[in-house]
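Below is one structure, written out as structure tokens; the observations come after it.
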Amino acid sequence: MNTSLVWLRDDLRLADNPALDTAVRAGERIAVLYVLDDESPEVRPLGAASRWWLHHSLHQLQNDITALGGSLILRRGATRDVLPAVAAEVGATSVHWNRRYGSTRAIDTELKVSLPDAHSYTGSLLHDPWLVTTGAGTPFKVFTPFWKSILAGPAPRQPLVAPLSIVGVNAESDSLDSWNLLPDRPWAKDFPDQWTPGATGAHERLERFLNNGLALYHRRDEPGIESTSGLSPHLRFGEISPYQIWHAVESVVTPETRANASRFMSEVGWREFSYHQLFHNTDLHRRNLRAEFDEFPWEEPNPDHLSAWKKGTTGVELVDAGMRELWKIGTMHNRVRMVAASFLIKNLGIDWRIGEEWFWNTLVDADEASNPASWQWVAGSGYDAAPYFRVFNPELQATKFDPDSLYRARWIEEYNTPLYPEPIVSLSDTRARALADYATMRGERPPQ
């Protein structure tokens, strides 16, 4: 019997996994491999919150694979060395993986040449980025026509079913605990109360959203109510696929919830658009997509201001609530993410890349495409970005989207008491400075 090697990355699921499905259908023995690669120069090492998630997701996946008769091989090291070595150890006659779209594609391209009968598949996106182009054959730089072009095409394929059994291969494997993915401080102690990593947790969360959140999704910008899906970390680690989400939504949508369903799926579309950007700009987390922002007059960050932002002690309520939510449970409501990012960039005058790096380390859904693309959107330096001169006013945002203070009171323990700090900066003064800096970048006279 031949042996297939299935290499998992950001696709930690058994159902709707094209690489695994192909190997199972071939009726071969299957070696399932995950490589923790912190060494290859193309790899951006995971942040602390993501490593917590990965540990628990791999633990759940190990149990799922074992229950089907297989085993999950864990190895650590540079992928260019590890993958060929494992392929030789197990006598692999074919190798299968689902595609990635950032700088790590360079590794995949090399391995496709050197490994025996290597195949890659579309498993993480609805469409490979090179298939979605403008009429002129160029990449889209604006979301609306990008998403319209996808909606105008064929419906996404139906999800693939999970295998009923796996004929496994015995091979040496690292102990998951030996990777030390969990933080050495009790920082993430509240994460388990909020999250259940793994495919089972992903589908339970999707079901709750379809039963309860979808009907409220028109209120998704209100952080004090439960109207969003919370699926982003599950999507980031591939515990659920966009195909599964798409068809699950379509199976329950009614005339009354059609508008909300369309809004929700457009958020899945923004994830696709972010990967579209990453594919064409693999240094998305380092380089301004709009080159004129290379001339922006960033100053050295005020360390006290940056620390206050990270700790949620700026004296600006909505920003502080979001940053404390982030530290407590590894996530932040999307509307508040925009407000917190705008405050860092435009009111504190700190380079967007510094904020992106902090989110990369503290978000459980830190995604190599969505995280930097979102920061560039707020900064005005990315595709289809908010203009730099659009400065979110945190006080007006709180009044509009958290009118009953539910969100702020939930996350700020000393909310509305004398213990809460005074604002570290004037919103009006710092907004004026931000607009002056923008004018300087453009070679214009700063506003008086």
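The values are calculated or read from the model by the stated rules, or taken from the named source; none is laboratory data. Keep in mind that what you see is a predicted model, and the values were worked out from it rather than measured. For neighbour counting, all protein chains shown are included, and Cβ atoms are generated from backbone atoms with ideal geometry for every residue, glycine included.
Residue count for segment 307-350 satisfying the condition of being under 26 Å from Asp294 (Cα atoms) and out of contact with any helix residue (DSSP H, G or I) (no Cβ under 8 Å at 6 or more places or on another chain): 1.
Considering only residues in segment 406-442 that are among the aromatic types (Phe, Trp, Tyr) and assigned to a helix (DSSP H, G or I), the one that is farthest from the chain's Cα centre (by Cα) turns out to be Tyr438. For segment 401-419, a residue qualifies if it is surrounded by fewer than 15 Cβ atoms within 10 Å (Cβ to Cβ) and touching a residue at least 60 places away in the same chain (Cβ under 8 Å), and the qualifying residues are Asp404, Leu406.
Screening Leu348 against (1) touching a Pro at 6+ places or on another chain (Cβ under 8 Å); (2) within 23 Å of Val142 (Cβ to Cβ) leaves a single unmet condition, (2). If you check Ala386, Ala398, Ala432 for being touching an Asp or Glu at 6+ places or on another chain (Cβ under 7 Å) and more than 20 Å from Arg286 (Cβ to Cβ), only one passes: Ala398.
Hand me the list of helices (runs of 4 or more DSSP H) wholly inside segment 1-106 holding 1 or more residues that are within 25 Å of the chain's Cα centre (by Cα) and assigned by TED's automatic domain parsing to the domain that holds Glu368. No helices (runs of 4 or more DSSP H) qualify here.
Where helices (runs of 4 or more DSSP H) sit wholly within segment 230-336, those with at least 3 residues that are small (Gly, Ala, Ser) occupy 258-280. Only one of the numbered conditions (1) out of contact with any Pro (no Cβ under 9 Å at 6 or more places or on another chain); (2) over 28 Å from Phe401 (Cβ atoms) is violated by Leu278, and that is (1). Here Phe140, Phe209 are screened, and the one residue that is out of contact with any Gly (no Cβ under 6 Å at 6 or more places or on another chain), of a type in the set (Phe, Trp, Tyr), closer than 30 Å to Gln62 by Cα and not assigned by TED's automatic domain parsing to the domain that holds Gln397 is Phe209.
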